[in-house]
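Accompanying notes for the structure given below.
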Amino acid sequence: MKNLFFLLPLLLFTIPLVYAESSNVGIIYWKQDVVSSNSFAEIYVKDNDMNKKEYPNFADKFMIYVWSDSSPKALEIQVVETGVYTGIFKGTVYVADSGESTKNRLIANPGDVLYAKYIDSTLPTGDSSDIVSAAVVKISGQNMDEILDGLDPSLRPVTSEGVPTWVKNNAGWWADGSISESDFLKGIEFLINDGIIQVPPTTVSAESSEGVPTWVKNNAGWWADGIITDNEFVNGVQHLMSMGLISTTLTEISEEKPSKPKSNDPKLAAIEAEIEKCSEFKKAYERLDCEKPLKKSIKLYEYKATAQKFSVGPITYYWQGVNTDGSEFKISPTGQAILSFRMLAENTSSEIVALNCTSPQICAYDVWDGSKAFKYSGMDFTSGQIVLNPGDSREFNILFGPNIGYGGTEFEYDSSKDYVFRIAEDFGSANIPLNLE
């Protein structure tokens, strides 16, 4: 195992640097290996070597390729790093059963195999390699295990229990000394927070000064070799959490702590009650799928209650103002003006609507000071678009700061000028005063 896969997913456990040394092999995988028709599917790439941006405070991004049995011509999909230096990149594609494949809309029939590929050009050998992963489109009323089992195992980096195979590989490497204890703990912490490994709520005692017990390390090796089950390994992880050796959002939950007070708003209280019911799901991904739309409903409701509202054609934009969550204006120690802008868009029409921003020069969103337009330094539009189904909503982030090239501009601040955030979509336009100080 070690000789064959030694370099595969060490990326999860290596603290990335701005210019990471090219020393690992990446991995690509679909968040779910069975995808429903007419829904969004998420794809992840894990590769620390892709942290190469000149400006160290920005998340990186690059293109991958997706296709299906029905649409063999690959689409280019942008994946965006989930945070600065995470080395984890996320992309989204809409899987539709009719129409034509275009941009981030992929046509696939029930039973089709979906493919995602990225080119790892930073292999330890100096060569490049195509890394491919597969999922299938659900056939209504049919168990999809037979189709999944018929796929090439190399295209399915996930075990039958829903745990990525590289997780077990890493556990084995820690057990035989190939990676450090601290790297193992950081990785497991990520896996728990990301919902890949489900651990029950755990009460944390005073933080232990002792290291990880030997029996837990033995368990990791046995788990990697298939000698013990996922549940038995999780028991060891839960013990580490109780010792304070792993800090996750789950450790904040304790039966001894009072439950979160219910909202006084009847609508919010009703949504919160529905979220509590999601805890009945045993599998992490089922629980997260249950919670996700409900939490989006809460976010939208809170935005509507506290944000400024701007109706532009089929889209209603909500913005909470400067110096709120995700929106901030500051001058860096070097004198660079930096504006982080977060907004929520809701599709109030009965049609699918796309927000467009493919490059600094071809983007429906910028900042205007009365005489000059400032183009973005970073944004999180996937493949240059945010596609919203009827009634759907999504937050998006745009950063104005250093000039990143490719048609971008350096953001400049003059206290004597009034700045506005401009929307110039094909379906309508708006100017939103920023009131920068």
Only one of 338, 432, 404 that is assigned to a strand (DSSP E or B) and either under 30 Å from residue 37 (Cα atoms) or under 25 Å from the mean Cα position of the chain (by Cα) (or both): 338
Among residues of the range 341-380, those that are assigned to a strand (DSSP E or B), of a type outside the set (S, T, N, Q) and either surrounded by fewer than 19 Cβ atoms within 10 Å (Cβ to Cβ) or under 21 Å from the mean Cα position of the chain (by Cα) (or both), counted: 13
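Go through the range 322-335 and give me each residue that's assigned to a loop (DSSP other than H, G, I, E, B) and either within 26 Å of the chain's Cα centre (by Cα) or under 17 Å from residue 422 (Cβ atoms) (or both).
322, 323, 325, 326
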Candidates 337, 305 - the one that is surrounded by 17 or more Cβ atoms within 10 Å (Cβ to Cβ) and either among the hydrophobic types (A, V, I, L, M, F, W, C) or out of contact with any strand residue (DSSP E or B) (no Cβ under 7 Å at 6 or more places or on another chain) (or both): 337
Test: residue in the range 277-299 that is at pLDDT below 80 and aromatic (Phe, Trp, Tyr): yes
Enumeration of residues in the range 88-125 that are without any contact (Cβ under 8 Å) to a residue 40 or more places away in the chain and part of a strand (DSSP E or B): 102, 107, 119
Scan of the range 388-411 for residues that are under 21 Å from residue 324 (Cα atoms) and of a type outside the set (Val, Ile, Thr), ordered by number: 393, 394, 395, 396, 397, 399, 400, 401, 411
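The values are calculated or read from the model by the stated rules, or taken from the named source; none is laboratory data. None of the values given here were measured: they were computed from a predicted structure. Reconstructed Cβ throughout: ideal geometry from the backbone, glycine too, with neighbour counts over all protein chains shown.
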